[in-house]
Structure formats: C-alpha cells, structure tokens
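Just so you know, all these numbers are worked out from the coordinates, no wet-lab data involved. None of these values were measured; they are calculated from a predicted model. All Cβ positions, even for glycine, are placed from backbone atoms using ideal geometry, and neighbour counts span all protein chains on display.
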C-alpha cells in the first residue's frame, strides 16, 4: 500500500479544485512576554514580527497551493483594505481569482491573534456574516458554476460567515452533480442538512457529536456517528477527524475504517481541519480510493499540528512523513458494520 500512497501524492500536481466558502484574513502578532501590564493584570507582548495569511477558506487555498494544485477561489470579499490584502496574498499563490466576487457593501472578515512566548494570548475578530442576496447571490452562483466547468473536485469550506447559504449550497451541489464532480465539505454542524447530496463531509469529533447527538467515547461510537452522518445527509462517505485518535471513515457501501493518529508532538491544531479537507479532496481528484486519501490526509494532519499557527504541507514533506510512519499502516482496522 505504501507505494500506492506515494503514487497518489505524485499525481496531485496540476489538478484544479474549486474552493467555495468563507474567506477571511488572519494576522499573527508574535512576541515575547517578560512582564505584566501595570494598567491591568494582562501580559505585555513585545512584538517581534507580524505575519498575514489567508484564513478560513483561504487557508484551504494555501494548503492546496502548497500541494501543487490550482485552487479556484469562489466566494465574496469586501472592497476594503483587508480584502485587498487577502486578494494579494491569494494571487501570490497563483490561485485562480477570476470567480471571486468583490462587494462594496460587505466587510472582509479579519482575525488578529496575538502570541506571546509561543502561546496565544488573545484573539480579536472583525466578523461579517450577512448572507448574500439579490444580484450578489446570483453572481456568486454564476461565477462558481463557471469555475466548475474546468474543475477536478470541489471543496465547501464553511466558517458560518454567510456564503454557504442553503440556496447557494444546493445550487452548486446540483451543478457539481451534473458535472460528475466530488464535493467535499468541512461543515458547521447546524448546516449539515443543507449539504445533503455532497460526496463527503469531514467534521471533527466535537462537530460530529453535536450533529448526531452521539457521544463519541470509543471507536464503536465513532463509527455509529459517521454512519448517522452519512445516512442523514445522503453522502457517499463521512470522515470524522479525531485529533489524537486519528480518523474514522464510513462509506455508503458499508465499509468502515479506523486510522490511528500519527504519533507526533502537538503544538497547535489550528487549521488542521483545513488540511484534512484539502488533502482528502486533492487525492479524490486523482481518483484515489477513499482509504488511501484518508491515510494521506491523516499523515498530513500529523505534520501541520507540529507547528504554531495555520501550517501546510508539501508533497516532499508528505513523501517523507509517509515513509517515516509506514509502520502505522499495520494498525489500520476495518470494521464490520451490520
């Protein structure tokens, strides 16, 4: 199997994937803490550097671009300073920005994270979550539908900021189905019903618990939750990311698999879900079996959590990680579901 996994990674480059969702701008302010403020009992962070990166669906684009894939940016940003900065960053990744909608009456969501001594001290959010209406709604669907014409797969990146409404989701799902494209969704639990008919959804364990009402406290309950998700949302597969416990997969043909976590030192799980959905969709775009796609995504997740902030992984890093963790393949279990 290891050789097959390497072959999948080699096929990633050049694929085109539509990323429809909530785009935002992430700013990281890094520094050291040596004293407490005399004004209030809070740490004083002496700034050493600042990083600005695409967040939300933009982090999915980052992950895909670093895999050698051409991301097609579908969503809405404001015509403001944050939107201009975000657009510039996405352009530097050679993403296709032609489907992106710019709106005068919207603000681009931005988040500022202040990190002192390698730990997040506080986060400041500039949120905007109004749903698109009228001409903006129609333009978003038309631009995304046009992008589907040359796509190999589709990702819905749902951060509950208004873009993936029920109307938008159902319209794009219908167009993708006509084109025979697999739609992979990283959902918010309350929105899962609107993604009915997608090929795959990939919530984390806490999100799967909220969506199904099942307490996931062991492997059996994880499989039960994945099966419930699949049946309720009319999917071909459900993948639950379980952090330090790996992944649980349930497929429409009744096959279920438990993939153990890759042993690693965890520094930050921020953006791990973006990496998972990016790698899953990328591998499926190459017609890889879901089990192979999930193993590669699980391996990628083990790499990115070793870094603070939203990290990504390259094909070269994936090849190395697969070789390093080859022994873990023997711990994958197949579950017989009645």
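With runs of 4+ DSSP H residues as the only contributors, calculate the mean residue ellipticity of the chain at 222 nm using -39,500 (n - 2.57) per run, divided by the residue total and rounded to the nearest 500. Can you show the working numbers first?
Working: 10 runs with 122 residues, N = 338.
For the chain, the value works out to -11500 deg cm²/dmol.
Length available on full extension from residue 190 to residue 217: 0.36 nm per residue minus the Cα-Cα distance, which gives 7.6 nm. Computed from label points 7 Å out along Cα-Cβ, the spacing between residue 48 and residue 236 is 4.6 nm. Sort out for me the Cα centre separation of the range 275-301 from the range 169-238, rounded to whole Å. Between the Cα centres of the range 275-301 and the range 169-238 lies a distance of 16 Å.
Residue 6 to residue 36: FRET efficiency via 1/(1 + (r/R0)^6), r the Cβ-Cβ distance, R0 56 Å, to the nearest 0.05? That pair, residue 6 with residue 36, gives E of 0.65.
How high is the relative contact order of the range 50-185, in percent, counting Cα pairs under 8 Å that sit 6 or more residues apart?
Rounded, it is 21 percent for the range 50-185.
Counting 0.36 nm for each residue step from residue 120 to residue 170 and taking away their Cα separation leaves a gain of 14.3 nm. If R0 is 35 Å, the Cβ-Cβ spacing of residue 336 and residue 177 corresponds to a FRET efficiency of close to 0.70.
Output needed for the range 141-222: three equivalent-ellipsoid semi-axes, defined as square roots of 5 times the C-alpha gyration tensor eigenvalues, in descending order, whole Å. Walk me through the numbers on the way to the answer.
Values: eigenvalues 141, 36, 17 Å².
Taking √(5λ) for each Cα gyration eigenvalue gives 27, 13, 9 Å.
Take the eigenvalues of the Cα gyration tensor for the range 1-75, scale each by 5, and report the square roots as semi-axes in whole Å, largest first.
Equivalent ellipsoid of the range 1-75: 39, 17, 9 Å, largest first.
Among 23, 250, 126, 28, the ranking by other beta carbons within 10 Å of each residue's beta carbon, starting with the fewest, stands as 126, 28, 250, 23.
Net length available on complete extension from residue 81 to residue 111 is 9.5 nm, with 0.36 nm assigned per residue and the Cα-Cα distance removed.
FRET efficiency for residue 135 and residue 255, Cβ-Cβ distance as r, R0 = 56 Å, nearest 0.05?
On the way: r = 45 Å, r/R0 = 0.80.
Efficiency for this residue pair is about 0.80.
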